[in-house]
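*Asks:* Attaching a single structure in structure tokens format; questions to follow.
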Amino acid sequence: MRTTTRRTHGVRRALTGALLAGLALLTSAGAAVADDPSASASPAGDEAGPTEAGTTFRTATALKPDQTGTAQASAGDYLYWVFPADAGQRPTVRATVKLPENAARRSTSTWQIDVYDGLRRRQACMYGHQTRKAAADAATVELSCVLRPVRAWSEPWANDPLPGSYYVRLTVVDLPADELGLPVGAEVRATVKEQGGAHDVDGALSEPLVPGVSVASAGDTGDEDASAAPRVPSAGEPEDGWASGWWTDRWLWTVGGGVLAALAAVFGYSLTRGRGRPARVPQGL
């Protein structure tokens with residue numbers, strides 16, 4: 001009877017030890033998420049945003065996630081901004097156009113916001129108001145575009161959003177010729193939201209889709225003095241560098257599954273090992 005009690009206590013100690021070990025692993029994994037700067041968006045709302053916009057892809061004004069950019073322009077201009085989005089993130093772009101006074105306008109206007117990736121491929125919006133018509137007496141018009149989650153890797157023929165720079169273009173698409181050139185104000189804000197391991201895929205890009213990143217990488221390996229200098233992030237690149245989604249919440253599922261498997265193994269062993277030598281059997285047999 002004492003032998004059975006000792007074995008029961010031993011099984012309980014083993015189960016408790018396995019459970020504590022699993023909790024320790026899960027805690028350390030959660031701490032890694034908190035310490036990893038790439039696991040969450042880098043808010044820049046406290047910083048003053050740019051007060052101008054580019055007029056082409058090459059001159060696009062850089063925006064940080066959660067940073068608001070403003071610009072004063074004329075109706076009919078093409079306004080460009082660029083921001084970074086990494087694997088596992090879902091970008092959202094919102095724009096507000098401040099229209100001229102009612103006395104200067106006599107007709108409706110239609111405004112549109114488009115988002116392009118680093119290859120200048122136009123990305124479709126999951127939902128939002130990408131195109132909106134403003135009445136002649138409207139003071140502002142608000143636009144929005146929620147993109148699909150960014151994938152770490154994709155087939156060459158696919159048009160999936162990939163890690164890299166994303167360009168925002170804001171312009172009017174329907175306006176009478178006599179009202180072109182009227183002063184307007186624009187406000188653009190880009191945010192990114194982490195989507196977790198549900199959108200992870202096997203594989204990764206060798207380089208993010210950022211213009212000039214391959215040339216910059218080649219130049220860093222050729223000059224020792226240049227490599228010793230601090231690297232300045234280019235436009236449309238995160239300050240902390242590209243994470244490419246090395247950390248996902250699948251690690252938590254993997255660790256949790258391992259802990260449950262260990263507990264199941266210990267419990268199964270305790271059920272199948274038996275009660276040991278019966279007390280009535282002599283020790284010599």
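*Asks:* Using the basic label-point model (7 angstrom from Cα toward the beta carbon), what is the Leu260 to Glu101 distance in nanometres?
*Replies:* In this crude label model, Leu260 to Glu101 measures out at 6.7 nm.
*Asks:* By how many nm would the segment from Thr140 to Thr59 grow when fully extended, if each residue of separation counts as 0.36 nm and the alpha-carbon distance is taken off?
*Replies:* 26.6 nm
*Asks:* Starting with the highest mean, order 83-94, 166-177, 131-142 by the number of other Cβ atoms within 10 Å, averaged over the residues of each peptide.
*Replies:* Per-residue Cβ counts within 10 Å, averaged per peptide and sorted highest first, yield 83-94, 166-177, 131-142.
*Asks:* I'd like the accessible area for Leu263, computed on protein heavy atoms only with a 1.4 Å probe and all protein chains in place. Round to 10 Å², please.
*Replies:* Probe radius 1.4 Å; accessible area of Leu263 about 40 Å².
*Asks:* Moving to a separate point now. Could you go through the stretch 157-166 in sequence order and give the Karplus-derived ³J(HN,Hα) for each residue, using 6.51 cos²θ - 1.76 cosθ + 1.60 with θ = phi - 60°, rounded to whole Hz, and x for Gly and Pro?
*Replies:* 7, 7, 10, 5, x, 10, x, x, 7, 10
*Asks:* Say a paramagnetic label sat at a point 7 Å from the Cα of Trp253, along Cα to Cβ; which residues of the stretch 88-102 have their backbone N under 20 Å from it?
*Replies:* 88-90
*Asks:* Under 23 Å from the Cα of Lys193, which lysines turn up, not counting those fewer than eight places away in the same chain?
*Replies:* Lys64
*Asks:* In nm, to one decimal, how far is the Asp160 label point from the Glu52 one, both placed 7 Å along Cα→Cβ?
*Replies:* 3.9 nm
*Asks:* Right, next: In bins 10 Å wide, starting from 0, what share of all Cα pairs of the stretch 51-170 does each bin hold, as a percent?
*Replies:* 13, 43, 30, 11, 3, 0
*Asks:* Also, quick follow-up: Given a 1.4 Å probe and every protein chain left where it sits, what share in percent of the accessible area of the stretch 53-96 is carbon and sulfur?
*Replies:* 45 percent
The values are calculated or read from the model by the stated rules, or taken from the named source; none is laboratory data. Predicted, not measured: the structure shown is a model, and the values here were computed from it. Every residue, glycine as well, gets a Cβ built from its backbone with ideal geometry; the counts of neighbours run over all protein chains shown. For the accessible areas, the whole protein counts, side chains as well, though only heavy atoms, and no ligand, DNA or RNA atoms are used. Shrake-Rupley method; radii C 1.70, N 1.55, O 1.52, S 1.80 Å.
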